[in-house]
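Here the structure comes first, spelled out in structure tokens, and everything after it is commentary.
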Amino acid sequence: MAAPSWRQRTLAAASTAGVSPAEVDYLIRGVTGFDRLQLHLATAEQFEPWHRELDALWHRRLAERVPVQYLLGWAYWRDLKLAVTPATLIPRPETELLADCGLDFCRALTDPVIADLGTGTGAVAIAVARGLPGSLVYAVDNSEAALAVARRNVESFSLQHQVSLLLGEWFTPLPHRAFDALLSNPPYIPTALIETLSPEVRLHEPFCALDGGVDGLDALRVLVEQAPTYVRPGGLWAVEVMAGQAALVENLLDESGLYRSIQRLTDFAGIERLVVANVLGQ
């Protein structure tokens, strides 16, 4: 009987540790370069060249609860392979809805200008720029370390001519009334809830990108109040929110009197994940 492969042995350990099989395969593919078929068919001998590296990374995954994406230094999102570090959030599938919303709105426009606030890895900015070759995207973050990661990703897709990376707080580095769309995945978790998150998130992802203040709405209030100064009348306001927040953000938009056509959009799990509206202007 053939000896179990590194994958087979590790899947059993992962089940005991509460780690999903998908993470084991993600790690293996990242280290070995195996495709999906090779992943399932590889023998113990075929894993041998990578045993030491896989063992070291797997030990850190379990002992330190480090997300696999940080261990590898990159993450898959949409059809993109993006550099990630603990200076940036790991791009998540839910945020694809934000990029899709921006793409859908801007396709009817000629050479649209878009702001991506809190860009992190640059994932949303890159997805929009690739989908709209005539667009110009201003990607803003208040973290120099995050912008360094975003720059690596922008350059890896040769989008320097389309994506302008700016350091600053929210709208601060941007010109007034210049944008057709605002897209943002801001910090939205109430401060007290951060301690309840999984160790993978709480211990390793950047606190400043998670912490939304006492009620989770600090950044969202800024985006509601200031966007009409920067987004053209009729332009798009599209922001990701936490589960259970959409109605609160809808109320903020409605009470401001500066928006119309306010909608809540659900993600693939049926959670209201995006709030979108059109700017009336001031």
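The values are calculated or read from the model by the stated rules, or taken from the named source; none is laboratory data. Predicted model only: the values in this text are computed from it and were never measured. Reconstructed Cβ throughout: ideal geometry from the backbone, glycine too, with neighbour counts over all protein chains shown. With ligands, DNA and RNA removed, areas are computed over all heavy atoms of the protein, side chains included. Shrake-Rupley method; radii C 1.70, N 1.55, O 1.52, S 1.80 Å.
Worth a mention:
- On the stretch given as region 8-18, residues that are more than 25 Å from GLU45 (Cβ to Cβ) and under 28 Å from the mean Cα position of the chain (by Cα) total 2.
- Number of positions in region 59-89 that are within 22 Å of LEU11 (Cβ to Cβ) and not basic (Lys, Arg): 13
- Residues located in region 1-38, provided they are in a loop (DSSP other than H, G, I, E, B) and in contact with a Ser or Thr (Cβ under 7 Å, 6 or more places away or on another chain): ALA2, SER5
- Cross-chain or 6+ apart pairs with Cβ under 9 Å, region 158-179 first and surrounded by 14 or more Cβ atoms within 10 Å (Cβ to Cβ), then among the polar types (S, T, N, Q) and in a strand (DSSP E or B): TRP170/SER184
- Candidate set: region 124-149, residues that are open to solvent by less than 40 Å² (accessible area, probe 1.4 Å) and among the polar types (S, T, N, Q); chosen: the one nearest to the chain's Cα centre (by Cα): SER143
- Scanning region 169-217 for residues that are of a type in the set (D, E, K, R) and either touching a Pro at 6+ places or on another chain (Cβ under 6 Å) or within 21 Å of VAL276 (Cα to Cα) (or both) gives ARG177, ASP180, GLU200, ASP211, ASP215.
- Selection count where residues are within 21 Å of THR95 (Cα to Cα), assigned to a loop (DSSP other than H, G, I, E, B) and out of contact with any Pro (no Cβ under 8 Å at 6 or more places or on another chain), scope region 133-168: 4
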